[in-house]
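K.L.:
Quick one: the structure is below, and I'll ask about it shortly.
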Amino acid sequence: MDNFDYAQHFYHKLATARGPSCLLQVELHPGPHCDLYQCPHCYGHGQLTLPGQPLTAAEFGAALDDVVEFAPTVIMSGVTTEPLTHAEPAAVIAEVRRRGVPLGLYTKGRRLEGDVVDALLEGSGECFVTVSIDEVDPGAYIARHGLRMASTEKGPGGLSAVDYQQRVLDNVRAFKARRDARGAAVELRIALLLFAENSDERAAVEAVGSLADLADRLRIAFPQNRNDGQPAGAMPGDTAGVLDGLRRRFAGNPKVRILHDTAKPVRNAEFIRCRAQRFQITIDRCGNVFPCPQVAVQPYRHLSFGNVREQPLRSLLRSPRRLAMFEWDVDSQMRCRICDRKDEAVNVALAELSRAFDRPA
């Protein structure tokens, strides 16, 4: 007996019939480095971006013009770099904001100041900023982010590693104050990562209590595994139980979001095709275009299907190479079973729908 599901069939057709230029998300990785941060849990820990001449803000904007009619969400982030280390980060933000598309910025917060804040607060399109604070204890913050305490190296503004957390907190406070004064509709989020050392309920309650007034939303999660397959750090024995306990503890708190699906950082192997690449792309700092944010580094350079300096983005999206990659085997051809959680969830769901509706009659 075959129970036909009209809604699931609709989702399947919606996904498979979508045109290759009709993107849901464009991710930009404009930053060349990550200041003094060397986070051991970083997805791209120790991996280098592709070499080349960095794109200007205007060049990022020109690439967006080829897809702006589809109103994709633009994410400014970096798999192994800080996006605000670009030579003109405020100008990159302004290129996105003036086009009216949704913008999400993921940053450590060290450079969330000055003209960067002004650029974020301009415009009326949807905008959210997520600051990865991860730890509230100063010593734990330094250790968690791999800040080189013994180094005499100074970051921007002459700051040494020990100064970073306080500057980040000051920047977040100042950002919120300026946003509220202007009445700008920009959501401010703080991300907290759980490890064995800080995942007990008492520590989580203290962290939420110290940060709740700084943001509109606090996101609590376990990290995913790094791209090189190494664990992000020591985890408690029952990660699902930890998240269940925190979900109950913060039930009714409108600011706290517990990402329950982060309990298992192991890669899913249920799908053999990457369907998520149909709906998104990533443009790295030098204009190389990749199918997803996780692979915009040298070990996966074979997955770049062109450069926006050499060919317009509209052409690259319909290029034979990109269209062929839609059917590549993730393990033997793409060689990249390193999905982030969003893409993994999309790929698992669409693989299940394909098995149900693409099978021979």
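K.L.:
Enumerate the whole-percent occupancy of each 5 Å bin, from 0 to the last occupied one, for all C-alpha pair distances of region 123-272.
P.N.:
Here the calculated profile for region 123-272 is 2, 8, 16, 18, 18, 16, 12, 7, 3, 1.
K.L.:
Could you list which residues have their amide H under 5 Å from that of VAL74, counting only those 5 or more apart in sequence or on another chain, with H placed in the peptide plane?
P.N.:
Sorted by chain and number, the residues that satisfy this are VAL26, LEU103, GLY104.
K.L.:
Right, another one. Amide H of ILE133 versus every other amide H placed in the peptide plane: which residues, excluding those fewer than 5 positions away on the same chain, fall under 5 Å?
P.N.:
Those qualifying (amide H under 5 Å, at least 5 residues apart or on another chain) are ALA191.
K.L.:
Here is a follow-up. Place +1 on the Cβ of every Lys and Arg and -1 on the Cβ of every Asp and Glu in the chain, take the dipole about the Cα centre, and give the residue among ALA58, GLN294, GLN277 whose Cα lies farthest towards its positive end.
P.N.:
Looking along the dipole axis, the top candidate is GLN277.
K.L.:
Taking 0.36 nm per intervening residue step and subtracting the Cα-Cα distance, what contour gain separates ASP238 from LEU259 on full extension?
P.N.:
Full extension from ASP238 to LEU259 adds 6.1 nm.
K.L.:
Nearest 20 debye, what's the magnitude of the dipole of the chain about its Cα centre given +1 on Lys and Arg Cβ and -1 on Asp and Glu Cβ?
P.N.:
Using Cβ point charges on Lys, Arg, Asp and Glu, the chain gives about 380 debye.
K.L.:
Over its Cα atoms, what ratio of radius of gyration to 2.2 N^0.38 Å does the chain give?
P.N.:
That ratio works out to 1.00.
K.L.:
Still on this model: With every protein chain kept in place and ligands, DNA and RNA left out, what is the accessible area per residue of the chain? Probe 1.4 Å, answer in Å².
P.N.:
45
K.L.:
Could you check how much of the accessible area of region 243-361 is carbon and sulfur, as a whole percent, using a 1.4 Å probe?
P.N.:
Taking all protein chains in place, region 243-361 shows 52 percent carbon and sulfur surface.
K.L.:
Find, among the chymotrypsin sites (Phe, Trp or Tyr not before Pro) in region 314-361, those assigned to loop by DSSP (not H, G, I, E, B) with at most 16 other beta-carbon atoms within 10 angstrom.
P.N.:
When the chymotrypsin sites (Phe, Trp or Tyr not before Pro) of region 314-361 are filtered for loop state and at most 16 Cβ neighbours within 10 Å, PHE326 remain.
K.L.:
How much of the accessible area of region 1-135, probe 1.4 Å, is carbon plus sulfur, in whole percent?
P.N.:
Carbon with sulfur: 54 percent of the solvent-accessible area.
K.L.:
Given the Cα-Cα distance of GLN8 and VAL162 and 0.36 nm per residue of separation, how much length would full extension add, in nm?
P.N.:
50.2 nm
K.L.:
Hey, what did the chain get for relative contact order, percent, Cα under 8 Å, at least 6 apart?
P.N.:
21
K.L.:
With a Förster radius of 35 Å, plug the Cβ-Cβ distance of VAL205 and ARG335 into 1/(1 + (r/R0)^6) and report the FRET value to the nearest 0.05.
P.N.:
After rounding, the FRET efficiency stands at 0.25.
K.L.:
Give me the three principal axis extents of region 1-156 from the C-alpha atoms, as integers in angstrom, largest value leading.
P.N.:
Its Cα atoms span 67, 43, 31 Å along the three principal axes.
K.L.:
Work out, step by step, the length gained on full extension between ALA181 and GLN230: first 0.36 nm times the residue separation, then minus their alpha carbon distance; give nm to one decimal.
P.N.:
13.2 nm
K.L.:
If I take R0 = 45 Å and measure r between the Cβ atoms of VAL68 and ASP213 in this structure, what FRET efficiency does the formula 1/(1 + (r/R0)^6) give, to the nearest 0.05?
P.N.:
0.80
K.L.:
While we're looking at this one, here's another question. From the backbone phi of region 24-39, what are the Karplus-calculated ³J(HN,Hα) couplings (6.51 cos²θ - 1.76 cosθ + 1.60, θ = phi - 60°) in whole Hz, Gly and Pro given as x?
P.N.:
Each residue of region 24-39 in turn: 8, 8, 10, 9, 10, 10, x, x, x, 7, 10, 6, 8, 6, 9, 4 Hz.
K.L.:
Run through region 1-36 and list the chymotrypsin sites (Phe, Trp or Tyr not before Pro) located in a DSSP loop whose Cβ has at most 12 other Cβ atoms within 10 Å.
P.N.:
Sites meeting the loop and neighbour criteria: PHE4.
K.L.:
Using the Karplus equation 6.51 cos²θ - 1.76 cosθ + 1.60 (θ = phi - 60°), what ³J(HN,Hα) coupling, rounded to whole Hz, does each residue of region 124-129 give in order, writing x for Gly and Pro?
P.N.:
Result, ordered by residue: 10, x, 4, 8, 9, 10 Hz.
K.L.:
For a quick check of your reading of the filter: which trypsin sites (Lys or Arg not before Pro) in region 71-123 sit in a DSSP loop and have no more than 15 other Cβ atoms within 10 Å?
P.N.:
Here the sparse-neighbourhood loop sites are ARG98.
K.L.:
Region 278-349: D in µm²/s via Stokes-Einstein (Kirkwood Rh, Cα pairs, 37 °C, 0.692 mPa s)?
P.N.:
260
K.L.:
Roughly speaking, what is the centre-to-centre gap between region 298-312 and region 182-238 when only Cα atoms are used, to the nearest Å?
P.N.:
Taking the Cα centre of region 182-238 as reference, the centre of region 298-312 is 33 Å away.
K.L.:
Can you tell which of TYR43, ALA119, PRO89 lies farthest toward the positive end of the dipole of region 1-143, using +1 and -1 charges on the Cβ of basic and acidic side chains (Lys, Arg; Asp, Glu)?
P.N.:
Looking along the dipole axis, the top candidate is TYR43.
K.L.:
Which whole-Hz couplings ³J(HN,Hα) result when phi for each residue of region 199-207 is put into the Karplus expression 6.51 cos²θ - 1.76 cosθ + 1.60, θ = phi - 60°, listed in order with x for Gly and Pro?
P.N.:
Values, residue by residue: 9, 6, 4, 4, 5, 5, 5, 5, 5 Hz.
The values are calculated or read from the model by the stated rules, or taken from the named source; none is laboratory data. This structure is a prediction, so every number in the text was calculated from the model and none was measured. Neighbour counts run over all protein chains shown; Cβ positions are idealised from the backbone, glycine included. Heavy atoms of the whole protein, side chains included, go into the accessibility calculation; ligands, DNA and RNA do not. Shrake-Rupley method; radii C 1.70, N 1.55, O 1.52, S 1.80 Å.
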